[in-house]
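**Student:** Before we start, here is the structure in question, set down as structure tokens.
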Amino acid sequence: MGLGKLENKKIGVLGGSFDPAHIGHIKISKIAKKDFNLIQVIWAITKQNPFKKNKPNDLYKRTAYAKKINKRNKFIKVQCFDDIVKSNRTIDLIKYLKKKFKNTDIFFLMGADNLVNFHKWKGCNSITKMCKILVFDRDGYKSKALKSKSFKKYNKKTVEFIKFNKVNISSSQLRKI
């Protein structure tokens, strides 16, 4: 399913460098799809994470690999939106998707590590008004995330902490292998 048939549906968005994409990304996508009746989860691969100084590997290779590991997961759509929205910021991507797919509920998926610094994101208040935030635990971040400014500021209707059996691997760990 392409991005053209999502009007009046529920979709998930998982943004990041995906350097590389891994089973943890797939697992949280599957949980979000099942638990929130999402018709699709968009993996929005960014050219450069605004909070990371190190340059990620080649965008084409990251995108191709993310598509390759999702051959069986037809509900996951992999795409880079940076050139379309002329930005690598989540707020600009969400605005674009809300405009493109009117009356569509958007669920933004993130790791608990991202919630810790979510208050520093450009347009974080607007993001929480435009979509529900689903936060997935990452090793060592649950207590920090639950004590974070963002978790305290936004109510549970806006930010929901998802309990699941974690996959204890990160992209940075995989790059070292």
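The values are calculated or read from the model by the stated rules, or taken from the named source; none is laboratory data. Everything numeric in this text was worked out from a predicted model, so none of it was measured. Note that each Cβ is placed from the backbone with ideal geometry, even for glycine, and that neighbours are counted across all protein chains shown.
**Student:** Can you confirm whether LYS156 is out of contact with any strand residue (DSSP E or B) (no Cβ under 6 Å at 6 or more places or on another chain) and surrounded by fewer than 15 Cβ atoms within 10 Å (Cβ to Cβ)?
**Tutor:** Numbers: out of contact with any strand residue (DSSP E or B) (no Cβ under 6 Å at 6 or more places or on another chain): yes; surrounded by fewer than 15 Cβ atoms within 10 Å (Cβ to Cβ): yes.
In short, yes.
**Student:** What strands (runs of 3 or more DSSP E) lie completely within the range 64-144 and have 1 or more residues being modelled with pLDDT under 95 and either surrounded by fewer than 16 Cβ atoms within 10 Å (Cβ to Cβ) or under 13 Å from the mean Cα position of the chain (by Cα) (or both)? Can you show your working first?
**Tutor:** Working: elements: 76-79, 105-111, 132-136.
Output list reads 105-111, 132-136.
**Student:** Can you name every residue in the range 92-125 that is without any contact (Cβ under 8 Å) to a residue 60 or more places away in the chain, touching a helix residue (DSSP H, G or I) at 6+ places or on another chain (Cβ under 6 Å) and under 17 Å from VAL41 (Cα atoms)?
**Tutor:** TYR96, LYS98 - these are the residues of the range 92-125 that are without any contact (Cβ under 8 Å) to a residue 60 or more places away in the chain, touching a helix residue (DSSP H, G or I) at 6+ places or on another chain (Cβ under 6 Å) and under 17 Å from VAL41 (Cα atoms).
**Student:** A further question on this structure: Among the numbered criteria (1) more than 27 Å from LYS120 (Cα to Cα); (2) touching a Pro at 6+ places or on another chain (Cβ under 7 Å); (3) assigned to a loop (DSSP other than H, G, I, E, B), which one does GLN48 miss?
**Tutor:** (1)
**Student:** Do you know which of the residues in the range 12-26 that are crowded, with 23+ Cβ neighbours inside 10 Å and among the small types (Gly, Ala, Ser) is farthest from ARG72 (Cα to Cα)?
**Tutor:** GLY12
**Student:** Quick one: in the range 157-177, of everything that is more than 14 Å from PHE36 (Cβ to Cβ) and more than 17 Å from the chain's Cα centre (by Cα), which residue is modelled with the highest pLDDT?
**Tutor:** Here the answer is ASN165.
**Student:** Output the number of the condition that SER29 fails; it satisfies all remaining conditions of (1) among the hydroxyl-bearing types (Ser, Thr, Tyr); (2) buried (at least 21 other Cβ atoms within 10 Å of the Cβ); (3) in contact with a Pro (Cβ under 9 Å, 6 or more places away or on another chain).
**Tutor:** The number of the failed condition is (3).
**Student:** While we're looking at this one, here's another question. ASP19 versus (1) in contact with a Ser or Thr (Cβ under 8 Å, 6 or more places away or on another chain); (2) modelled with pLDDT under 95; (3) over 13 Å from CYS80 (Cβ atoms): which is the lone unmet condition?
**Tutor:** Status for ASP19: all satisfied but (3).
**Student:** Can you tell me which of (1) of a type in the set (Asp, Glu); (2) over 19 Å from CYS124 (Cα atoms); (3) touching a residue at least 60 places away in the same chain (Cβ under 8 Å) is the one ASP83 doesn't meet?
**Tutor:** For ASP83, the exception is condition (3).
**Student:** So, in the range 91-121, how many residues would count as being of a type in the set (S, T, N, Q) and within 14 Å of ILE11 (Cα to Cα)? Show your work before the answer.
**Tutor:** Here is the first cut: in the range 91-121, the ones of a type in the set (S, T, N, Q) are 103-104, 114, 117.
If we keep only those that are within 14 Å of ILE11 (Cα to Cα) too, we end up with 103-104.
Total satisfying the criteria: 2.
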